[in-house]
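K.L.:
Dropping the structure in here first, questions after.
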Amino acid sequence: MHLPLFFDPLDPSPQLLPARQLESALNHYRDLMRRPNSPIREIRHQPARQAQYAPMPDTVDPTLRQALETRGIAQLYTHQREAFDAIGKGGNAVIVTPTASGKTLCYNLPIWNRLLGDPEARAFYLFPAKALAEDQLAEFNASVEAMGSSIRAFTYDGDTPQDARRAIRERANVVLTNPDMLHAGILPHHTKWAKCFENLRYIVLDELHYYRGVYGSHLANILRRLRRICEFYGSRPQFICCSATIANPKQLAEALTAEPMQLLDNNGAPSGEKYFLFYNPPVVNRQLGIRRSYLHETRRIAMELIEGGQQTLVFANNRLATEVLVTYLKDGCARMPMGPDGVRGYRGGYLPRERREIERRLRDGEIRAVVATNALELGIDIGSLDAVVMAGLSGAIASTWQRAGRAGRRHTASLAVLVASSNPVDQYIIEHPEYFFSQPPETAHINPDNLEILINHLKCAAFELPVRDEEKFGRIQAGQLCGFLAENGLLHRSGDTWHWTSDSYPADAISLRSVSSDNFVVIDETGEAKVIAEVAYTAAPAELHEKAIYLHEARQYQVERLDFANRKAYVRRVECDYFTDAIDYTLVKELEQFDSTAIGSAFARHGEVRVNRQIVGFKKIKFYTNENVGAGQLTLPEQEMHTTAFWLHLPRQFLSQMEGFSAAEKQAALIGLGSAMRAVGALLLMSDPRDLGVSITEDIASSLETWEPDLFLYDNYPGGVGLSAPLHRHHRRLLELASQMLSACACEAGCPSCVGPLGEVGERGKEAARRIVELLLT
């Protein structure tokens, strides 16, 4: 594998260096590491790993055994054999091994074996993305064809033609689908699937670690509905779950399925050697702690790899960063033979046909670089990539490893580069590499009993089958909530059973990726009006306000009109050199305390809160330089939600210990501490920092003498999805991590990597924030 040397990061005018072998390049990086203030903070080598094998079980059907041997599989990896044995005994299993370790065969092998002996048996395979289902179908059918078997497998999703759906329901042994289709297209029409449900033997949940937070909370309720329907038809399927490495896979699988699980995590698969490089953009203003733009550094590193002939996958953490990097790389590749078409973006807002075309062209080598969000973290087959460049930590160590694993999937040597942003978590990880490499992976949290999520799925359950008074839906007595739904004209009670009476179709009103539904569609009116994307309801005010620049496939669109009532945004193509960033105002009010723990004279609390948020303006940010080139005011409807929160209550007695700090400096300290705690809280919870909101009340201007502020970290979803309770339970660990972050940051008085920019927290904001944490920990 040939790998180009990067530019010399210590040279202010870097020149392209010639391509060399990987080891030669790494020796150069090691030399750079020895220089003072080197931006290369760590180079970690993972040696190749030899396979650990186990013999093929005697109970495997001879036809299946022969078909596997023709494909070069005469024996199994140890974890594949353990999975076959566990599933063969009738138990539920959760398989946890790294990317590209052969997890697919863990569930395919026992299911093929069962189907060869019982042609009437059925299985559902659930994948979080349609593209992953398509990819797995191709692999499945190749093996079935080698067997010469009549086993029939089909994808069943929103793209499945209507005239094919009936045949699939009648004939398919294996249905590859996704939670969205199961929720809205299968369970509500279970009578058409009667034969399938009567013979349903297996339910496979692939990419289990993906089902956390809101999405996981929805899936747990969908599986509750599925189990009700299976019970109605007299079946009790086994659950087989596969996951990347997280701290609590067994607990998560049991929370999702409500079934006991056997954990199988003894990986026997081989892997090629991998080099992991940590890169921290150089500081350009030490007093303010400002570094070179991490997006610019990502672009430069990616361009070196592309120019060296390396097929490269670049990960960004949000839609805006993805589109900015696509713009930068297309500009850079315009002067190369491949042209700008050699670079593509890939994210959730793209239409299905765009995504599948990109996957195909990436596999075929037609595309040399893709900039993606977490949509390509999953196990979609995109061929053998040489390098992965990550623009910032993904928010969770587990998913960062998942991203790094996308390079070298064919067991070749590969490189993964993590370019740190100024985000406090990125800076903590990049300066404490041992935390990343030795830390147990994070815990995934869900809250299937979130009342808003649960009651919406109870509507769906009642639509599918009548609900009995004594029936439990999760941990909730269903009859109690059915009375509420009856008052709203949705249910009618007959004896001890509740029946759906409304004309509505409840599944259509639920978005699985948010607590509330009502996504906004983006309509391009440049020529003939057409829908180009969808945006979540909660994100729409920030991304689709009037005069916003909406980026899609490196093209700029200006929002002409936001139709809030009909959930539509109308845009036109423009050519401009800036993008927009929204400014919001948030107020949090405590409604009820669930728990309170004394921390000296302060308190750590957990409870229910009301959050009022309004987008009040926007900034215009210039491409490449990140200059603020303009601003505007907005008047958009205020959004209100009830959710759960963890907060610190700081009484006057506590604040009186901060001698020598003015009231304004104390308030600035809380702003800075909130920024740091939000960052490390997201790391602890395996969540995106945007899943946590931060707010401070009361305002110091209310009364200096009686000022007793609360610092809130709230669950950024209506009703909460289980993020605030573990923050309260582990508040000391949260404070310790925040303290380490503040102490390790080299800035003098505050920067974006710890408490926030100096202009926001003032000259003594960082010092005061450190004093607050010291007092809380002593």
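K.L.:
For residues that are part of a strand (DSSP E or B) and over 25 Å from the mean Cα position of the chain (by Cα), scanning just region 615-624, find the one that is surrounded by the most Cβ atoms within 10 Å (Cβ to Cβ).
P.N.:
Just the residues of region 615-624 that are part of a strand (DSSP E or B), to begin with: 615-622.
From what is left, the residues that are over 25 Å from the mean Cα position of the chain (by Cα) are 616-622.
On the way: Val616: 14, Gly617: 16, Phe618: 22, Lys619: 15, Lys620: 19, Ile621: 18, Lys622: 14.
Checking each candidate, the answer is Phe618.
K.L.:
Can you tell which of Ser514, Ser504 is open to solvent by less than 60 Å² (accessible area, probe 1.4 Å), modelled with pLDDT under 95 and either basic (Lys, Arg) or within 30 Å of Gln556 (Cα to Cα) (or both)?
P.N.:
Details: Ser504 fails: either basic (Lys, Arg) or within 30 Å of Gln556 (Cα to Cα) (or both).
Of Ser514, Ser504, the one residue that is open to solvent by less than 60 Å² (accessible area, probe 1.4 Å), modelled with pLDDT under 95 and either basic (Lys, Arg) or within 30 Å of Gln556 (Cα to Cα) (or both) is Ser514.
K.L.:
Which one of these does Arg166 not meet: (1) touching a helix residue (DSSP H, G or I) at 6+ places or on another chain (Cβ under 9 Å); (2) at pLDDT 90 or above; (3) within 26 Å of Arg81 (Cβ to Cβ)?
P.N.:
Going through the list (1) touching a helix residue (DSSP H, G or I) at 6+ places or on another chain (Cβ under 9 Å); (2) at pLDDT 90 or above; (3) within 26 Å of Arg81 (Cβ to Cβ), Arg166 breaks only (3).
Conditions tested, residue by residue: (1) crowded, with 18+ Cβ neighbours inside 10 Å; (2) modelled with pLDDT of 85 or more; (3) basic (Lys, Arg).
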| residue | (1), (2), (3) |
| --- | --- |
| Pro433 | no, yes, no |
| Phe436 | yes, yes, no |
| Asn456 | yes, yes, no |
| Lys472 | no, yes, yes |
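K.L.:
Which helices (runs of 4 or more DSSP H) does region 142-236 wholly contain that include 2 or more residues that are buried (at least 20 other Cβ atoms within 10 Å of the Cβ)? Explain how you work it out, then say what you get.
P.N.:
Numbers: elements: 162-171, 194-198, 213-233.
Helices (runs of 4 or more DSSP H) meeting the threshold: 194-198, 213-233.
K.L.:
Could you grab me the full set of residues in region 750-768 that are within 30 Å of the chain's Cα centre (by Cα) and assigned to a helix (DSSP H, G or I)? Please lay out each step first, then the result.
P.N.:
As a first pass, look at region 750-768 and keep what is within 30 Å of the chain's Cα centre (by Cα): 750-757, 760.
Selection gives Glu760 alone.
K.L.:
Is it fair to say Val425 is in contact with a Pro (Cβ under 8 Å, 6 or more places away or on another chain) and either modelled with pLDDT under 85 or open to solvent by 10 Å² or more (accessible area, probe 1.4 Å) (or both)? I'd like the intermediate steps shown before the answer.
P.N.:
On the way: in contact with a Pro (Cβ under 8 Å, 6 or more places away or on another chain): yes; either modelled with pLDDT under 85 or open to solvent by 10 Å² or more (accessible area, probe 1.4 Å) (or both): yes.
Against the criterion (in contact with a Pro (Cβ under 8 Å, 6 or more places away or on another chain) and either modelled with pLDDT under 85 or open to solvent by 10 Å² or more (accessible area, probe 1.4 Å) (or both)), Val425 qualifies.
K.L.:
Among the residues of region 585-596, is any at pLDDT below 90 and either among the aliphatic types (A, V, I, L, M) or open to solvent by 40 Å² or more (accessible area, probe 1.4 Å) (or both)?
P.N.:
Yes, there is a match, as at least one residue in region 585-596 is at pLDDT below 90 and either among the aliphatic types (A, V, I, L, M) or open to solvent by 40 Å² or more (accessible area, probe 1.4 Å) (or both).
K.L.:
Checking His642 against (1) surrounded by fewer than 22 Cβ atoms within 10 Å (Cβ to Cβ); (2) within 20 Å of Ala768 (Cβ to Cβ); (3) within 27 Å of the chain's Cα centre (by Cα), only one condition comes out false. Which one?
P.N.:
Every condition holds for His642 apart from (2).
K.L.:
If Val531 satisfies all but one of (1) open to solvent by 10 Å² or more (accessible area, probe 1.4 Å); (2) more than 33 Å from the chain's Cα centre (by Cα), what's the number of the condition it fails?
P.N.:
Failing condition for Val531: (2).
K.L.:
Considering only residues of region 53-89 that are open to solvent by 70 Å² or more (accessible area, probe 1.4 Å) and part of a loop (DSSP other than H, G, I, E, B), which is farthest from Arg114 (Cα to Cα)?
P.N.:
The qualifying residue farthest from Arg114 (Cα to Cα) is Arg71.
K.L.:
Let me ask you something else. Sort out which residues of region 645-667 are buried (at least 18 other Cβ atoms within 10 Å of the Cβ), of a type in the set (S, T, N, Q) and touching a helix residue (DSSP H, G or I) at 6+ places or on another chain (Cβ under 8 Å), and write them in order of number.
P.N.:
Listed by number, the list is empty, since nothing qualifies.
K.L.:
A further question follows. Condition test on Ser695, is it over 28 Å from Ile246 (Cα atoms), open to solvent by less than 50 Å² (accessible area, probe 1.4 Å) and modelled with pLDDT under 90?
P.N.:
In short, no.
K.L.:
Glu560 versus (1) open to solvent by 70 Å² or more (accessible area, probe 1.4 Å); (2) more than 21 Å from Ala631 (Cα to Cα); (3) in contact with a Phe, Trp or Tyr (Cβ under 6 Å, 6 or more places away or on another chain): which is the lone unmet condition?
P.N.:
Among (1) open to solvent by 70 Å² or more (accessible area, probe 1.4 Å); (2) more than 21 Å from Ala631 (Cα to Cα); (3) in contact with a Phe, Trp or Tyr (Cβ under 6 Å, 6 or more places away or on another chain), Glu560 violates only (2).
K.L.:
Let me ask something else about it. Can you find, within region 35-52, the residue that is surrounded by the most Cβ atoms within 10 Å (Cβ to Cβ) among those that are closer than 14 Å to Leu415 by Cβ and at pLDDT 90 or above?
P.N.:
Of all residues in region 35-52, those closer than 14 Å to Leu415 by Cβ come to 40, 42-46.
Okay, now just the ones that are also at pLDDT 90 or above, so 40, 42-45.
Values: Ile40: 21, Glu42: 19, Ile43: 18, Arg44: 13, His45: 9.
Taking the candidates together, the pick is Ile40.
K.L.:
Now a separate question. Can you confirm whether Ile397 is open to solvent by less than 20 Å² (accessible area, probe 1.4 Å), modelled with pLDDT under 85, farther than 28 Å from Ser743 by Cα and out of contact with any strand residue (DSSP E or B) (no Cβ under 6 Å at 6 or more places or on another chain)? Break it down stepwise before answering.
P.N.:
On the way: open to solvent by less than 20 Å² (accessible area, probe 1.4 Å): yes; modelled with pLDDT under 85: yes; farther than 28 Å from Ser743 by Cα: no; out of contact with any strand residue (DSSP E or B) (no Cβ under 6 Å at 6 or more places or on another chain): yes.
Here the answer is no, as Ile397 does not meet what is asked.
K.L.:
While we're looking at this one, here's another question. For Arg20, which of the numbered conditions (1) at pLDDT 85 or above; (2) open to solvent by 70 Å² or more (accessible area, probe 1.4 Å) fails to hold?
P.N.:
Of the numbered conditions (1) at pLDDT 85 or above; (2) open to solvent by 70 Å² or more (accessible area, probe 1.4 Å), the odd one out for Arg20 is (1).
K.L.:
Can you go through Asn566, Asn612 and tell me which one is open to solvent by 70 Å² or more (accessible area, probe 1.4 Å) and modelled with pLDDT under 95? Steps first, please.
P.N.:
On the way: Asn612 fails: open to solvent by 70 Å² or more (accessible area, probe 1.4 Å).
Within the list Asn566, Asn612, the selection yields Asn566.
K.L.:
At least 3 residues that are polar (S, T, N, Q) in each: list the helices (runs of 4 or more DSSP H) lying fully within region 648-748 that qualify.
P.N.:
Values: elements: 652-655, 663-685, 724-729, 731-744.
Answer list for region 648-748: 731-744.
The values are calculated or read from the model by the stated rules, or taken from the named source; none is laboratory data. None of the values given here were measured: they were computed from a predicted structure. Ideal geometry is used to build each Cβ from the backbone, glycine not excepted, and the neighbour counts take in all protein chains shown. Accessible surface areas use protein heavy atoms only, side chains included; no ligands, DNA or RNA. Shrake-Rupley method; radii C 1.70, N 1.55, O 1.52, S 1.80 Å.
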